[in-house]
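Following: one structure in C-alpha cells, then a few remarks.
Where a number appears in this text, it was derived from the coordinates with a stated rule and is not lab data. Quick caveat: nothing in here was measured; it's all calculated off a predicted structure. Cβ: placed from backbone, ideal geometry, glycine included. Neighbour counts: every protein chain shown.
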Amino acid sequence: MSQQPGPIALVGSGEYLPVMQDIEADLISGRNPIYVQLPTAAAPEGDESLRRWIDLGAKQAERIGVTQVPVVVRDNNDANDPHQAELVKNAGLIYLSGGNPHFLADTLRDSLVWQAIHEAWQAGAALAGCSAGAMAIADHIPALRIHSPRETRGLGLLPHIRVLPHFDKMFGWIPDLAMRMLNVPDGVHVVGIDEETALVGGPFEWEVRGRQSVWLLQNGHREQFSAGEKIVMEATTIL
C-alpha cells in the first residue's frame, strides 16, 4: 500500500446509493478491496437507523465488487474498543455516513478508532464523509441549530475547510446568511456541497464530482464549480 495519504471525499448527500457508485468505486480502485463503513453519526437515531445504513452500504459494496466491513461505533466505549479499531486497519476506503455531525465528532475524537482511521488514511486508504461525515472531518462543525446550537470541534483533518452539505436544499439561496451563521477565521474556506455531489482530492487541491456543484463562499458571495472543475485552496495562515 502507498505510504502517501489517500484521497478525501467530502460529499453533499447520496452515500451508498447507485448515483454515487462510480465515485465510491474510483476511491477504492487500486486499493485493498475492503470497504469500511461507520454509521456512527446515526447512532442517536437507534439501531433501526444503524441497520439501514449498514444495509445500504452492503448493497453498494456488492455493486462495486468489494468486501463490506461495518464498524458499528455507538458511543465512546465502542470508539475505544481495540477490536473495533482493528477492523479499520486493512481498509481501502473508509466512509463516515450521515446523521448528527456533532455526535460523530464527539464520539470519535481522540479515540482508538479515529487513530486507526487516521493511520489507514496516512498509509493510502481513501477517506470519505457524507453530510455529517463531511462536516466532522473538518476542524469545526458550524452551529446550524439542526443538531446542536453550539459550534463543535471536528476531527481536525482539514483545519482550513468548513463544510455545508445539502447546500442546494439548505443554503443555496442565502449564502450571505449562511456565512453570518459561521464564525470563520482568516484562512478558512467555506464550501457548500450540493446533494449527490462530491469534492474529491485534498487537502488543498480538489476536483468536483457528481451531478451538481460545489460553491466557495466568501463575504456573502459564492463561486460555482461544476463537475470536472478543479478547486485549489491556498494554504494560508489559520488563526
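At-a-glance table
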| quantity | calculated |
| --- | --- |
| Gain in span if fully extended, Gln115 to Lys230, counting 0.36 nm per residue against the direct Cα distance | 38.4 nm |
| For the chain, calculated [θ]222 nm from helices alone, where every DSSP H run of n ≥ 4 adds -39500 (n - 2.57) | -8000 deg cm²/dmol |
| Cβ-based exposure ranking for Thr152, Thr107, Thr67, in which fewest neighbours within 10 Å come first | Thr67, Thr152, Thr107 |
| Order by protection proxy (mean Cβ within 10 Å, highest first), peptides 94-100, 117-123 | 94-100, 117-123 |
| Per-residue HN-Hα couplings for the range 49-61 [Karplus 6.51, -1.76, 1.60; θ = phi - 60°; Hz; x = Gly/Pro] | 5, 4, 4, 4, 5, 5, 5, 4, x, 5, 5, 5, 4 |
| Highest-fluctuation residue, Asp168, Asp22, Asp139 considered, GNM on the chain with Cα pairs under 10 Å | Asp22 |
| Ranked list, fewest to most other Cβ atoms within 10 Å of each Cβ, for Ser13, Ser226, Ser49 | Ser226, Ser49, Ser13 |
| Extension reserve of the Leu56-Glu205 stretch, reckoned as 0.36 nm per residue once the Cα distance is removed | 50.7 nm |
| Residue order, fewest to most beta carbons within 10 Å, for Glu15, Glu86, Glu196, Glu234 | Glu234, Glu86, Glu196, Glu15 |
| Diffusion constant of the chain at 25 °C, which comes from Stokes-Einstein with the Kirkwood Cα-pair radius and 0.890 mPa s, µm²/s | 141 µm²/s |
| Separation of the Asp47 and Gln4 label points, Cα + 7 Å toward Cβ, nm | 4.5 nm |
| DSSP beta bridge pairing in the chain, given as percent antiparallel to the nearest 5 | 55 percent |
| Descending principal axes extents, the range 31-74, alpha-carbon based, whole Å | 31, 16, 10 |
| Calculated from backbone phi, Karplus (6.51, -1.76, 1.60) coupling profile of the range 14-27 in Hz, x at Gly/Pro | x, 4, 6, 8, x, 5, 9, 4, 4, 5, 5, 5, 5, 5 |
